[in-house]
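The values are calculated or read from the model by the stated rules, or taken from the named source; none is laboratory data. Remember, it's a predicted structure, so these values are computed and weren't measured experimentally. Cβ placement follows ideal geometry from the backbone for every residue including glycine, while neighbour counts extend to all protein chains displayed. Areas reflect the complete protein model, heavy atoms only, side chains present, ligands, DNA and RNA absent. Shrake-Rupley method; radii C 1.70, N 1.55, O 1.52, S 1.80 Å.
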Amino acid sequence: MTQPMFLTLADDSWQRAHYALVVAAGGLSLGRDVTIFAGGRSVLALTPDWKGLAGVISDSELETRGIAGFGELREAVLDLGATVMACEAGLRMAGLSEKDLLDGVTVRGIVSFLELAGDNPVLAL
């Protein structure tokens, strides 16, 4: 059995969110359980339109460079069974509510995430 992977995001950086999805997809493809916790304004990455993130590069531009787009990665991570959580306080910070999130994303607090992580390492991106 492989060690589960716990990732956390805290700001509105598109690049960090994209890379977190790359790391998550990689872990999932290796059979690892992956949990992502989006805090602060990083919750914007979990809405249908992630354009509120800072420094967005369009999926079409990425695809012309042979890089997986944000939407493709995010869909793969959800489809492969990652646990994806949005922070309650982060939603308020971003002016969002639970109804603004993608299907499959749950709203939790940091304590719930840390309880789930237990003694496992947490990778902050």
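Quick notes on this structure:
- Sequentially through the stretch 35-50, phi angles give Karplus couplings (6.51, -1.76, 1.60; θ = phi - 60°) of 10, 10, 10, 9, x, x, 6, 5, 4, 4, 5, 9, 9, x, 10, 7 Hz, Gly and Pro residues having no value and appearing as x.
- The alpha carbon gyration tensor of the chain gives principal lengths a ≥ b ≥ c with a/c of 1.5 or higher and a/b no greater than b/c, which makes the shape oblate.
- Accessible area (Å², per residue) of the chain, counting only protein heavy atoms and a probe of 1.4 Å: 53 Å²
- Given charges at Cβ of Lys, Arg, Asp, Glu: the chain dipole, positive-most of A45, I67, Q15: Q15
- Dipole magnitude for the chain: computed about the Cα centre from +1 point charges on Lys and Arg Cβ and -1 point charges on Asp and Glu Cβ, it is near 220 debye.
- Taken along the Cα-to-beta-carbon direction at a fixed 7 Å, the label points for D33 and Q15 span 3.3 nm.
- Potential extension, M93-D49 segment - 0.36 nm per residue separation minus Cα distance: 14.1 nm
- Local electrostatic count, D12, Cβ distance below 12 Å [Lys/Arg +1, Asp/Glu -1]: +2
- Other residues within the sphere of radius under 12 Å centred on the Cβ of N120, judged by their own Cβ, net out at -2 (K and R +1, D and E -1).
- Carbon/sulfur fraction of accessible area - the chain, other protein chains in place, 1.4 Å, %: 53 percent
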